[in-house]
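K.L.:
Quick one: the structure is below, questions incoming.
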Amino acid sequence: MKNTVTIPEENPTSQIKVSNITISPMTQEDLLYFEQNLITEFDDFWNYSTLKQEFLGENTTYIVAKQGNNIIGFAGILTIIDEANIMNIVTKKDKRNLKVGSLLLENLIKISKQKNLKSITLEVNEHNIPAIKLYEKFNFNKIGIRKKYYNNTDSAIIMTLYI
Ligand SMILES: CC(C)(COP(=O)(O)OP(=O)(O)OC[C@H]1O[C@@H](n2cnc3c(N)ncnc32)[C@H](O)[C@@H]1OP(=O)(O)O)[C@@H](O)C(=O)NCCC(=O)NCCS
C-alpha cells in the first residue's frame with residue numbers, strides 16, 4: 001500500500017548530520033507544490049504530470065525533505081517484485097551539497113529494507129558527478145552501462161546496492 005512507511009520524526013538513527021530537516025511520505029498537498037516549482041526550483045528532467053502519475057502509481061513510494069514547512073527535496077522508488085528502482089532523487093537547486101540528497105537516499109534504503117527488498121537499482125547519466133558521488137557514498141556499485149541512452153549521446157551507468 002502507498003505511503004504506509006514509518007519515518008521517525010526526529011530520525012534518531014540517521015548517520016547524516018543535518019539539523020532541522022525532516023523526511024516524511026509525500027502527501028497530495030506536497031505534490032501540488034511541485035505543480036508550479038518542479039522545473040524552476042528542482043530539475044527539468046521530468047514534468048509535473050509525469051511526477052503526479054508516478055506518485056499515484058500502485059507500486060511507488062515517494063518521500064519529501066522539509067525544512068520547516070518548505071520542501072527542499074524529494075525522492076521516489078518503484079518496487080518491482082523484490083527490487084527497488086530509484087525513479088528520482090532531487091534536491092532544491094539552492095540546497096545542494098548540503099547533505100539533503102544523502103538524507104533522502106538514506107531513507108530510501110531504510111524504506112527498502114522495511115519492505116524486505118533485496119536490492120536498489122538506478123540509472124544515472126555518466127556526466128552527473130554529484131549523483132554518482134552520492135550513490136558511491138552509499139556503496140552502490142556500477143553494474144552496467146547503457147550506451148548513448150540520453151538523447152542518443154550520453155551513456156547511462158546502472159548502479160545497484162544489495163541490501
Ligand atoms: C544528485 C543530487 C540529488 C545530490 O543531492 P545533494 O543534496 O547535493 O547531495 P549531498 O549534499 O548529500 O551530497 C552527497 C555527496 O555527493 C557529492 N557531491 C554533492 N554535490 C557535489 C558537487 N557539486 N560536485 C561533486 N560532488 C558532489 C559529495 O561527495 C557528497 O558527499 P559528502 O556529503 O560526503 O561530501 C542533487 O545534485 C540534485 O538534485 N541533482 C539534480 C537531480 C539529479 O541529477 N538527480 C539524480 C538523478 S540519477
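The values are calculated or read from the model by the stated rules, or taken from the named source; none is laboratory data. None of these values were measured; they are calculated from a predicted model. So basically every Cβ, Gly included, is an ideal-geometry build from the backbone, and we count neighbours across all protein chains shown.
K.L.:
Got a number for residues in the range 1-51 being of a type in the set (Val, Ile, Thr), closer than 21 Å to Lys93 by Cβ, under 16 Å from the mean Cα position of the chain (by Cα) and modelled with pLDDT under 85?
P.N.:
Result for the range 1-51: 1.
K.L.:
Listed residues Lys137, Lys147, Lys142, Lys99; which is on the phi < 0 side of the Ramachandran plot and in contact (Cβ under 8 Å) with a residue 24 or more places away in the chain?
P.N.:
Only one candidate qualifies: Lys137.
K.L.:
Mind listing whichever residues of the range 33-50 are out of contact with any strand residue (DSSP E or B) (no Cβ under 7 Å at 6 or more places or on another chain), of a type outside the set (D, E, K, R) and assigned to a loop (DSSP other than H, G, I, E, B)?
P.N.:
So in the range 33-50, the residues out of contact with any strand residue (DSSP E or B) (no Cβ under 7 Å at 6 or more places or on another chain) come out as 34-41, 44-45, 47-50.
Adding the requirement that they be of a type outside the set (D, E, K, R) leaves 34, 36-40, 45, 47-50.
Answer for the range 33-50, where residues must be out of contact with any strand residue (DSSP E or B) (no Cβ under 7 Å at 6 or more places or on another chain), of a type outside the set (D, E, K, R) and assigned to a loop (DSSP other than H, G, I, E, B): Phe45, Asn47.
K.L.:
Being buried (at least 16 other Cβ atoms within 10 Å of the Cβ) and closer than 12 Å to Leu161 by Cβ, is that true of even one residue in the range 87-107?
P.N.:
Yes, the conditions are met somewhere in the range 87-107.
K.L.:
A follow-up question, please. Name the residue, out of Leu108, Leu103, Leu98, that is of a type outside the set (Val, Ile, Thr), within 9 Å of the ligand (Cβ to nearest atom) and within 13 Å of the chain's Cα centre (by Cα).
P.N.:
None of the others qualify; the one that does is Leu103.
K.L.:
Out of all the residues in the range 112-133, which are under 12 Å from Ile86 (Cα atoms), more than 13 Å from the ligand (Cβ to nearest atom) and crowded, with 17+ Cβ neighbours inside 10 Å?
P.N.:
Listed by number, the list holds a single entry, Ser112.
K.L.:
Given the condition in a loop (DSSP other than H, G, I, E, B), among the hydroxyl-bearing types (Ser, Thr, Tyr) and away from the ligand (no atom under 11 Å from the Cβ), answer yes or no: does some residue in the range 134-153 qualify?
P.N.:
Residues of the range 134-153 in a loop (DSSP other than H, G, I, E, B): 138-140, 151-153.
In the following step, the residues that additionally are among the hydroxyl-bearing types (Ser, Thr, Tyr) were identified as 153.
Of the ones still in play, those that are also away from the ligand (no atom under 11 Å from the Cβ) are 153.
Yes, that holds for at least one residue.
K.L.:
A further question on this structure: Restricting the first residue to the range 44-59 and requiring it to be closer than 27 Å to Asp82 by Cα and of a type in the set (D, E, K, R), which pairs with a second residue that is part of a helix (DSSP H, G or I) and modelled with pLDDT of 95 or more meet a Cβ separation below 8 Å and a spacing of at least six or different chains?
P.N.:
Lys52/Leu31
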